[in-house]
Amino acid sequence: MTARDKARPLRRLVVLRHAKSAWPAGVTDHQRPLAPRGRRDAPAAGRALAEADCLPDLALCSTAVRARRTWELASAQWGTPPPVRHDPRLYAAGVPDLLGVAHEVPTEVHTLLLVGHNPGLEELVLSLAGDGLGDTLDRVRSKFPTSAIAVLDWHGGGWETLTPGRALLTAMLVPRGKKK
C-alpha cells in the first residue's frame, strides 16, 4: 500500500495519451494529425476530465501535432483552460525524461496534466503507481490506448518528491466520442 503523509498537500498527476492519429503518406511522425476518431475522442477526453474533477493547474504537452491537437480539443471543453507549455522533451520520452520534466513543475501547481505518447506514458504510470484503486493497475497493464487518462495522487511538498511507487492510481478512463 502507498504511504500517505497527510501533513503534505495532495498532488495530482493526470496523464493523457494523445487521441488516435492518422498515418498520411509522406508526413513525418512528429507532424501526424489526428484521425477522424481522434477528433471525436479528444473532446470526450476533455469532458471526462471535467466530470472527474481533474482539471489541471498547468498542462505540459508534447510538441507533436497529434498531441497539440488533442490538448486543443480537450481543453476547449472547459470554461477557461489552464496555461499550457509545449515541451519537445515530451515527444518520444521515456520514464526518466517524463519524470525530469515533472520535477521542474512549480510547487504551487497541485494538478498537472501531461499530454504525450506511448510507451512512455504507460510506463510512467506503472512506475509511479505503488498501488491502484480497484482494477486500475490491471487495466493500464493490459492496454493504455489512445485518449486514455490515468490519474495519480500522492501527498508531497513539491513535484521533485514524485518518485517511483509513491503515487496511488485513482482512475483509468478511456473516453470515446460518438460517431455522428
| message | Just to be sure I understand: with springs between alpha-carbon atoms less than 10 Å apart, which residue in 163, 146, 111 has the highest mean-square fluctuation in the Gaussian network model of the chain? | response | 163
| Karplus-derived HN-Hα couplings along the range 20-26 (A = 6.51, B = -1.76, C = 1.60, θ = phi - 60°), whole Hz, x at Gly and Pro | 3, 9, 8, 10, x, 4, x
| Which far-off residues, 5 or more places away or on another chain, put their amide H under 5 Å from the one on residue 32, with H placed in the peptide plane? | 65, 66
| request: Sticking with the crude label model, points 7 Å out along Cα→Cβ, report the distance from residue 78 to residue 10 in nm, one decimal please. | output: 1.7 nm
| For residue 21, which sequence-distant residues (separation of 5 or more, or a different chain) have an amide H within less than 5 Å of its own amide H, given hydrogens modelled in the peptide plane? | 35
| request: Please determine, in degrees from 0 to 90 and to the nearest 10, the orientation of helix 65-75 with respect to the longest principal axis defined by the Cα atoms of the chain, where the helix direction is its Cα long axis. | output: 70 degrees
| task | Report the paramagnetic label zone for residue 50: residues of the range 76-90 whose backbone N is under 14 Å from a point 7 Å from Cα along the Cα-to-Cβ axis. | result | 76-82
| request: Measure off, as a whole percent, the carbon and sulfur share of the 1.4 Å-probe accessible area of the chain, all protein chains present. | output: 53 percent
| Amide H to amide H, which residues 5 or more places from residue 61 or on other chains are under 5 Å from it, using H placed in the peptide plane? | 85, 86, 87, 115
| note | If one compares the long axis through the Cα atoms of helix 36-51 with the longest principal axis of the Cα atoms of the chain, the angle in degrees, nearest 10, works out at 30 degrees
| field | the range 59-170 - accessible surface per residue (Å², probe 1.4 Å) | value | 39 Å²
| message | Residue by residue through the range 167-177, what is 3J(HN,Hα) from phi via Karplus (6.51 cos²θ - 1.76 cosθ + 1.60, θ = phi - 60°)? Round to whole Hz and write x for glycine and proline. | response | 9, 10, 7, 9, 7, 9, 10, 10, x, 10, x
| query | Given [x] 15.3, 54; [y] 16.3, 50; [z] 16.3, 53 as candidate values of Rg and Dmax of the Cα atoms in Å, which corresponds to the one derived from the coordinates? | reply | [x]
| Projected onto the charge dipole of the range 29-136 (+1 at Lys/Arg Cβ, -1 at Asp/Glu Cβ, origin at the Cα centre), which of 128, 65, 100 gives the Cα projection farthest towards the positive end? | 65
| note | the chain, Gaussian network, Cα under 10 Å: of 93, 22, 59, the residue fluctuating most is 22
| message | I want to check the label-to-label distance for residue 178 and residue 160. Put each point 7 Å from Cα in the C-beta direction and report it in nm to one decimal. | response | 4.9 nm
| So, in Å, what gap is there between the alpha-carbon centers of the range 108-180 and the range 8-66? | 13 Å
| For the chain, modelled as a GNM with alpha-carbon contacts under 10 angstrom, which of 71, 159, 23 fluctuates the most? | 23
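The values are calculated or read from the model by the stated rules, or taken from the named source; none is laboratory data. As the structure is a computational prediction, the values presented were derived from the model and not from experiment. A quick note on method: Cβ atoms are made from the backbone with ideal geometry, for glycine too, and the neighbour counts reach across all protein chains shown. Side chains included, ligands, DNA and RNA excluded: accessible areas come from the protein's heavy atoms. Shrake-Rupley method; radii C 1.70, N 1.55, O 1.52, S 1.80 Å.
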